[in-house]
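Presented below is the structure to which this report refers.
Throughout, read-outs are computed from the coordinates displayed, never taken from laboratory work. As the structure is a computational prediction, the values presented were derived from the model and not from experiment. Cβ coordinates were reconstructed from backbone atoms using ideal geometry, including for glycine residues, and neighbour counts include every protein chain displayed.
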Amino acid sequence: MRRIILFFIFAPLLPSAQSKKDGFNLNYPASAISDSLQKNAHTVYRLDEGIVDVTAPGKYSFHVHQVMTILNKEGEHHLRQAYGIDKFRKIDNIEIKVFNKSGDIIEKYKKKDFAITAAYDGFSLITDDQVMRLQVAASGYPCTLEVTYTQEVTSFINLPSWYFQHPGVSVEISRFLVKVPAEIDIRYKAKNINIAPVITNLNAKKNYLWEIKNLPAKKSEAGAGEFAKIPRLLIAANQFEYDGHRGDMSGWKGIGLWYNDLVKTTNQLSEAYKSEIRKLVAGVNSDIEKVETLYNHLQKNFRYVSIQLGIGGFRPFSANFVHEKKYGDCKALSNYMQACLNAIDIKSYSAWINAGSDRSPVDPDFPYDGFNHQILCVPMDKDTTWLECTSSLADFAHLGSFTENRNALVLTETGGVLIPTPKSKSHQNKFSMTTTITLNEDGSGDTESLMTTTGEYKYEQLALSLEKSDLQKQYFVNRLGFPNPDEFDLSFGEKNLKPLHTRIQLKVEKVNDFKAGSKMFLRPRIYKIWSTKLPPNENRAEDYLFECPFEKTDTTLYKLPPGYSVEALPKEKQMKFEFGSYNTKHSYDAQQQAIVITAKFVLTQHHIPAEKYALVKTFFDDVMMDDSQRIVIKKE
């Protein structure tokens, strides 16, 4: 489930461009770049221009001209040129020129120099997508590339978006021109930049021109994900056509009607197959239990396979095909589950969504295909149930960080309706550890930990359970901070139960941090309750994303060796801030000759506004600092 995509249709992987005009002269020597544009930059776009010329609802050409100076090794990814092509989009004329720092041309490439390979996305079994690739040779930095190409497109849903810049990139001039027949027209929305087009009419077409100059580079800020404030333009044609199927993009409703027409012959089971489905829920009383029964059947008996051929990027396999073959991609499995529910008279709808733990919700005010995945929406009497139909591991009715807190386009019989998906709470992502440590006089010891997990932590453990034992050991040592053991025994509980239990047993040569004479210094727990140092907070401009809100609890019991007693325990800690809390307590049970440490760590919100980040940074630094305190025991 972690990285499943609905449609795999490449757009060019680089920002784009086109020409010397309106008094703008290209200066290829790197010395011509101003100091202000070099600051914080690894690459400077001297010119970045694109022209989209729409000729029909399903046809356009995209002319690109770029001149970029790569200042240092951080910008070397621009030397790896890659362009997606398929049966609906071709690139025939492409040329790349390479200039040294003085502006002298040193190399030239044409289409024949590109390698064309199948586009492997990591999960598709068959795809007709291809990638043109070229590794540009450069003798050193700075160097300059001039890229020109034309892409011809014969089917589309979206028109190209335009990115004015990315982190680490400054821009001397960027311009984007869209030519469109007046009867089709476009809608547009600028994101993270205040810019308006110049609109003119010429030869029965409306021309929209955006232009901006001298954008200084912005530093990349870790943890922003796709919430990063990258200046860009969204463009949508009011009418579109894909593989002969005409649609209306002027509203969410029209997109849904287009999809309904596309799948109208695919989402019904035969009477014989309906009968099989009804037998599965015979004797099950409530509708929600019936949905869960069929969902569990799907998880146990069907597998995810993606095939992307032509319109197959949008149209699912038929429900009958999936029933017979026991496989499908996200849209096919969602479509099949919908057909199963239809067979028992429970209404459900396929829903498009933009999946990925760092994805921002699509803009509700701008109808546009910004989606990459498909799930199922099941309206119930008291609440709506959402189903991730591609995962054999997901809990029933739990989406997780992959698709939660987004705007899903629910494809109803009357068209598309944008509906927010649930937002998980901290108590739905629990990580609870209970550890008993039997400490020996020489500092060695035996440990036994029982980890109980739900939500994202459960899915992480389930994924870990599929790995080889050496990788499992690395996870506990390197990721969670357990000591490197002499003996390591790991077992996972029943995978379908909620929560999941994981048992970790270790023999450790050195449990204590260090010894000094008769004293031992011990960590408050055998692992780190939080181990990731957050990025610096100086002048943070971007929001920060944790994967999910969470609740972590820990109970650690140290059984001391004979003759040892406690000399010092860390003070009780209680911290609280706007988005979370952290509490610890240490006590000594003289009768059992044992130290008991408890901790609770809660983050209630995973999306942190930039202006609040300094508070979060301080809080998490304090948690890590508290984890560095030591228990002191001594031999009497």
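Each listed q (0.09, 0.10, 0.13 Å⁻¹) maps to a log10 I(q)/I(0) for the range 426-635, found by the Debye formula over equal Cα scatterers with no solvent: -0.38, -0.47, -0.79. Each Lys and Arg adds +1 at its Cβ and each Asp and Glu adds -1 at its Cβ; summed about the Cα centre, the chain shows a dipole of about 420 debye. Note on the range 251-420: the alpha carbon radius of gyration divided by the globular reference 2.2 N^0.38 Å gives 0.97.
Here the scattering of the range 466-591 is modelled by Debye summation over its C-alpha atoms, one equal scatterer each and no solvent; at q = 0.15, 0.20 Å⁻¹ the log10 of I(q)/I(0) is -1.04, -1.41. With one equal scatterer per alpha carbon and no solvent term, the Debye-computed log10 I(q)/I(0) for the range 423-531 at 0.23 1/Å reads -1.32. With neighbours defined as other Cβ atoms within 10 Å of a residue's Cβ, the residues Ile437, Ile116 order from fewest to most as Ile116, Ile437. Ranking Pro499, Thr436, Leu262 by Cα position along the charge dipole of the chain, where only Lys, Arg, Asp and Glu carry charges on their C-beta atoms, puts Leu262 farthest toward the positive end. Taking the square roots of 5 times each eigenvalue of the Cα gyration tensor of the chain, largest first, gives ellipsoid semi-axes of 49, 36, 21 Å. The helix-based estimate of mean residue ellipticity at 222 nm for the chain, built from -39,500 (n - 2.57) per DSSP H run of four or more residues and divided by its residue count, is -4500 deg cm²/dmol to the nearest 500.
For the range 30-219, the extents of the C-alpha atoms along the principal axes are 48, 42, 31 Å, listed from largest to smallest.
Exposure proxy check: Thr385, Thr144, Thr117 ranked by fewest other beta carbons within 10 Å?
In increasing order of surrounding Cβ atoms, one gets Thr117, Thr385, Thr144.
Exposure proxy shown here: for Ser392, Ser360, Ser449, the number of other Cβ atoms within 10 Å sets the order, fewest to most, as Ser392, Ser360, Ser449.
Positive end of the dipole of the range 251-420 (Cβ unit charges, origin at the Cα centre): among Ser318, Phe402, Val291, the Cα lying farthest that way belongs to Ser318. You can think of it this way: the chain between Asn201 and Ala272 has 19.7 nm of extra reach, that is 0.36 nm per residue less the Cα-Cα gap.
Our summary gives the chain a relative contact order of 11 percent, counting only alpha carbon pairs under 8 angstrom and 6 or more residues apart.
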